[in-house]
Amino acid sequence: MCGIVGAIGPMDYKPFLTGGLRKLDYRGYDSSGLAFWNDGKISLYRALGSVDNLASIVPDRHPGSAGIAHTRWATHGGVSVENAHPQRSWDKKVYLVHNGVIDNFEELRAWLRERDFSFRSDTDTEIIASLIAYYLSEGERPLTAIKKTMERLDGSYALAILFSGIPGLYFAKNKSPLVIGLGIERINCLASDYAPLMDVCSDFTAPEDGTYGLLTGNAVFAFRGGKNIPLSFEPRNREDYTFDLEGYPHFMLKEIAEGPKVIRHAVSANFDAKTGYLFEQSIISSLRAADEIVLLGCGSSHYAAEAGAAYLNRSGFRAVSYIASEWIHGLYPRSRKPVYVLISQSGETADLISCLDLIDGEGRSVAIVNAKDSTIARRSDHVIYIGAGLEVAVASTKSFLGQLAILMLLAGALRHDDAVPLKLLDAATSVEEVIRRKSEIDTLASECYTARDAFFVGRGMDYFASEESSLKLKEIAYVHSEAYPGGELKHGPIALIEEGVPVFAFIGNPELGKALRSNVQEMMARGAASYIVSSSSSAREGDGFVYPAVDPSFAVFPEVAFGQLLAYSLSLRRGLNVDKPRNLAKSVTVN
Ligand code: M6R
């Protein structure tokens, strides 16, 4: 999703702004732009495609004493230079960059049209610039114009704003991430996350929703509802935001390789062999007291939630999982005393934040999040950090394993089961073995990389590994892929099986293996090219890939590692951008 960077003070702006955008490019984008403020005049540059395209049209050592920049992931209006940010008001008084979505922009556009405003783009962002310009034209000063504009906006936004002829870098924030950094040498900065600011800032703050204000080179002023509010700044650990491939060709491969470490970290951070589980006691007590544990997430995090809910159920606790963007529509029953577990790598997923909007105030939310101090972490009543380290590739890999490990540890803590950490350590070893045998998966990929469709099947917990692997294939390799519980195939999907369609079958549970093998036979009889991925305790001769057996409930870990590597390998074979697949964003900050 869109990313913003801005700064004010003496510096060379082009490398700072374009470098900052590159550090946000994991979020996904299709155009970019920047603007410099110099002696009251604003110059604007925008380009389609990569930040390199933008850098190529911006002169080196461009003069300026403030600057804003943006990567755009198109929502309102197609991918075009006119729709790229910064957007400006028709009178060119207000230039701004925006991350978020304005829900009532059509109504506001009509209102502005009635007042003779014209527009150059199809974006909701131009409406914000125009509304601020309207209030300026009514004689308001910039901060009041911003405040009055915020009162009219429905939706989400993090804004960085420059005014022609008026010094200062202005900002406003509601429901979209924004970080402000105190610069080291008479500069102050802001961005969508910490990464672009780490080289030039010492201390940071993430303002609350509804905050707006002004950065100068020497100070930061913040307001809410017209009142000046104090901001507290804290240092951050630079290593947490470092992007380094460490010799790997892609971040996705590096992050898959870190999977075993992430599982082990989840164990060591939350369990001590002498004293037992280390989770906050208040989290455990509220989960125990709940009549239902409701797990919410999107995409891979939803699949982790599904597997976690199944394991919690198996452990004797009532748990359900829902897709966050569906749960908010109120179709599902709400129990009397639920506890909500919100699962997210980025901690910024708008669909999950919408769930928090409904849950807030009940004192019953637990976030399982990777990104420190992210919105979901800050807004939930309790937070458990995954500790997977920065995940750069758009596809979730290590963070999925970390999320599931934490959920299983929570189940272990709830029923005082000290075997869970040991089973997870076994799973980490099994994942390591899958990764060590990557070349076998590469060979498999070389045999099926031209396939247009694929199926993943499993039964019981193995089905969740199928779902996650299937998602990986879609998003990284652009292969149409379906995941089904083995028993469900004959109820419809089998009609899609044609000669040569690859079917990947996961068998981590020997007891369910027999039934799944029958399902695979049914597919093969109709021409499918089957490939069975089994644990050493479920394996039979002829299976395609056999991984070291773990407790059947934990087979999801090595199976998903297999699926991740298969998607990675297929993506490369198909000549695709593994780390930044088309149309996707790492941090999905729109509903
Ligand atoms: O940051 P989150 O975990 O909340 O993100 C949720 C999904 O957008 C995310 O898992 C998405 O499905 C990934 N691209 C999967 O690889």
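Annotation note: Cβ proximity below 6 Å between a residue of the range 564-591 that is free of Cβ contacts under 8 Å to residues at least 40 places away in the same chain and a residue that is among the acidic types (Asp, Glu) and more than 11 Å from the ligand (Cβ to nearest atom) (sequence gap 6+ or interchain) occurs for no pair. Scanning the range 460-475 for residues that are within 14 Å of the ligand (Cβ to nearest atom) and among the polar types (S, T, N, Q) yields Ser469, Ser470. Consider Arg364 carefully, then state whether it is within 16 Å of the ligand (Cβ to nearest atom), among the charged types (D, E, K, R) and either at pLDDT 95 or above or under 19 Å from Glu280 (Cβ atoms) (or both). Considered against the rule, which asks whether it is within 16 Å of the ligand (Cβ to nearest atom), among the charged types (D, E, K, R) and either at pLDDT 95 or above or under 19 Å from Glu280 (Cβ atoms) (or both), Arg364 comes out as no.
The residues of the range 21-56 that are touching a strand residue (DSSP E or B) at 6+ places or on another chain (Cβ under 6 Å) and free of Cβ contacts under 8 Å to residues at least 24 places away in the same chain, listed by number, are Ser43, Tyr45, Asn53. Of everything in the range 1-27, what is in contact with a Lys or Arg (Cβ under 6 Å, 6 or more places away or on another chain) and either under 13 Å from Ala74 (Cα atoms) or assigned to a strand (DSSP E or B) (or both)? Give them in sequence order. Correct list: Met1, Cys2, Gly3, Arg27. Looking across the range 156-194 at every residue that is in contact with a helix residue (DSSP H, G or I) (Cβ under 8 Å, 6 or more places away or on another chain) and of a type in the set (Val, Ile, Thr), the one that is nearest to His70 (Cα to Cα) is identified as Ile161. Within the range 129-165, the residues that satisfy the criterion of being in a helix (DSSP H, G or I) and within 12 Å of Ile102 (Cβ to Cβ) are Ala129, Ser130, Leu131, Thr149, Met150, Arg152.
Just wondering, is there one or more residues in the range 543-561 that are within 16 Å of the ligand (Cβ to nearest atom), closer than 30 Å to Arg22 by Cβ and in contact with a helix residue (DSSP H, G or I) (Cβ under 6 Å, 6 or more places away or on another chain)? Yes; the residues of the range 543-561 include at least one that is within 16 Å of the ligand (Cβ to nearest atom), closer than 30 Å to Arg22 by Cβ and in contact with a helix residue (DSSP H, G or I) (Cβ under 6 Å, 6 or more places away or on another chain). Does Leu409 count as within 16 Å of the ligand (Cβ to nearest atom), buried (at least 20 other Cβ atoms within 10 Å of the Cβ) and touching a residue at least 24 places away in the same chain (Cβ under 8 Å)? For Leu409, the condition - within 16 Å of the ligand (Cβ to nearest atom), buried (at least 20 other Cβ atoms within 10 Å of the Cβ) and touching a residue at least 24 places away in the same chain (Cβ under 8 Å) - is not met. Just give me the residues in the range 370-398 being without any contact (Cβ under 8 Å) to a residue 40 or more places away in the chain, within 9 Å of the ligand (Cβ to nearest atom) and assigned to a loop (DSSP other than H, G, I, E, B), in sequence order. Across the range 370-398, the qualifying residue is only Asn370. Among the candidates Leu331, Leu312, Leu342, Leu295, the residue that is under 21 Å from Gly412 (Cα atoms) and away from the ligand (no atom under 16 Å from the Cβ) is uniquely Leu312. If the condition is being assigned to a helix (DSSP H, G or I) and touching a helix residue (DSSP H, G or I) at 6+ places or on another chain (Cβ under 8 Å), then the range 442-462 contributes Asp442, Leu444, Ala445, Ser446, Cys448, Met461, Asp462. Pairs needed: first member in the range 339-362, touching a residue at least 24 places away in the same chain (Cβ under 8 Å) and assigned to a strand (DSSP E or B); second member anywhere, hydroxyl-bearing (Ser, Thr, Tyr) and within 12 Å of the ligand (Cβ to nearest atom); C-beta distance under 7 Å; at least 6 residues apart or different chains. Partner pairs satisfying both residue conditions: Ile343/Ser301; Ser344/Ser301. Among the conditions (1) within 16 Å of the ligand (Cβ to nearest atom); (2) surrounded by 24 or more Cβ atoms within 10 Å (Cβ to Cβ), the only one that Val533 does not satisfy is (1).
Exactly one residue out of Asp462, Asp426 is closer than 14 Å to Tyr547 by Cβ and either crowded, with 20+ Cβ neighbours inside 10 Å or of a type in the set (Lys, Arg) (or both): that is Asp462.
Leu34 meets the stated requirement of being surrounded by 23 or more Cβ atoms within 10 Å (Cβ to Cβ), in a strand (DSSP E or B) and among the hydrophobic types (A, V, I, L, M, F, W, C). Annotation: of all residues in the range 165-197 being without any contact (Cβ under 8 Å) to a residue 60 or more places away in the chain and of a type in the set (Phe, Trp, Tyr), the one that is farthest from Pro235 (Cα to Cα) is Tyr170. Taken as a whole, the condition of being out of contact with any strand residue (DSSP E or B) (no Cβ under 6 Å at 6 or more places or on another chain), surrounded by 21 or more Cβ atoms within 10 Å (Cβ to Cβ) and at pLDDT 95 or above applies to Ser89. Taking the range 347-362, which residues are among the hydroxyl-bearing types (Ser, Thr, Tyr) and surrounded by 23 or more Cβ atoms within 10 Å (Cβ to Cβ)? Within the range 347-362, just Thr349 meets the criteria. Contact map, the range 289-301: first residue closer than 16 Å to Gln403 by Cα, second residue within 16 Å of the ligand (Cβ to nearest atom) and acidic (Asp, Glu), Cβ cut-off under 7 Å, separation 6 or more or different chains; pairs are Cys298/Asp351; Ser300/Glu468.
The values are calculated or read from the model by the stated rules, or taken from the named source; none is laboratory data. Since we're looking at a predicted model, the values are computed, not measured. Virtual Cβ from ideal backbone geometry, glycine too; neighbours counted across all protein chains shown.
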